[in-house]
Each structure stands twice: as structure tokens, then as C-alpha cells.
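Each reported figure results from applying straightforward, stated rules to the coordinates on display, with no laboratory input. The shown structure was predicted, so the numbers you read here are calculated from the model rather than taken from an experiment. With ideal geometry, Cβ positions are generated from the backbone for all residues, glycine too; neighbour counts draw on all protein chains shown.
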Amino acid sequence: MKPNIVYIMADDVGYGDFGCFGATKMRTPNIDRIAAQGVRFTDMHSSAALCTPSRYSVLTGRYCWRTWLKSFVLGGMGAPLIAESTPTVASVLKRYGYATAAIGKWHLGLTWRTKDGAKLSS
């Protein structure tokens, strides 16, 4: 049986912000329960201090600044930063029978379409 994988990526959260890592100022019972029932990683690194490049790196395993985006972050109507041919964690997991989803903040660009299916240019 394959394990479930839940990856939570949150901006502006530090190691000591959750009870499972020793925080006492705010209660985080749901995150603490998830951590108690799974695996916690404690050696963390980031490729950047901004959302777009750090998300790109986590999903692709590649350094974001080697793409056409050389600084800052993508706006809401930006062109897709991840090329369709670039392997991602999701595409690899799908090969092994996993269903994947991304929920929440994206900041990696999208191919926006009109109701009739036409692509919008950014």
C-alpha cells in the first residue's frame, strides 16, 4: 500500500511556529496532529526567500533563476513558468499511480483560457 503524501508549503512560517516544533504562543493542534501521525523533516533549506522561486524549486528540483524569470515573482496573470516538458513531483508521482492536487497560492503562472477555450495572452 502506497503512503499518502501531504506537502504543506506556507509562506513566512518558521521552524518554531508550530506546537510540534516547540511553539507556545499559538496553538496549532491540527498541524501538530498531522506531524504526530507522519514524518517530520527538520533539516530545511530554501532556494529563495520569495514564493515563485521557492515553489518552482520544490516542484521541479531545479533552480528557478535558470528559467526566463531572473528576479522577483510572477503576477496573477503571468505566463506559466514551468514548461510542460519539465518533470515535476506531481508528474513523477502520477507515473506511480498517485492522484495529485495543488490547493491555494500558486504564483507559478497559468495558461488562462476564455469560456470558449481560447488562450489568453499575459
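List the chymotrypsin sites (Phe, Trp or Tyr not before Pro) in region 11-45 that DSSP assigns to loop (not H, G, I, E or B) and whose Cβ has at most 14 other Cβ atoms within 10 Å. Which are they?
Phe41
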Convex hull around the C-alpha positions of region 54-103: the volume in Å³ per residue is 93 Å³
Rounded to the nearest 10 degrees, the helix 51-60 long axis (Cα) sits at an angle to the longest Cα principal axis of the chain of 90 degrees
Net charge (Lys, Arg +1; Asp, Glu -1) of residues whose beta-carbon lies under 12 Å from that of Leu81, Leu81 excluded, is +3
So, over other residues within a Cβ distance under 12 Å of Ile31, counting Lys, Arg +1 and Asp, Glu -1, the net charge is +1
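State the Kirkwood hydrodynamic radius of the chain in Å, one decimal place, computed from all pairs of distinct Cα atoms.
Details: mean 1/r = 0.0594 Å⁻¹.
One over the average 1/r among Cα pairs gives 16.8 Å for the chain.
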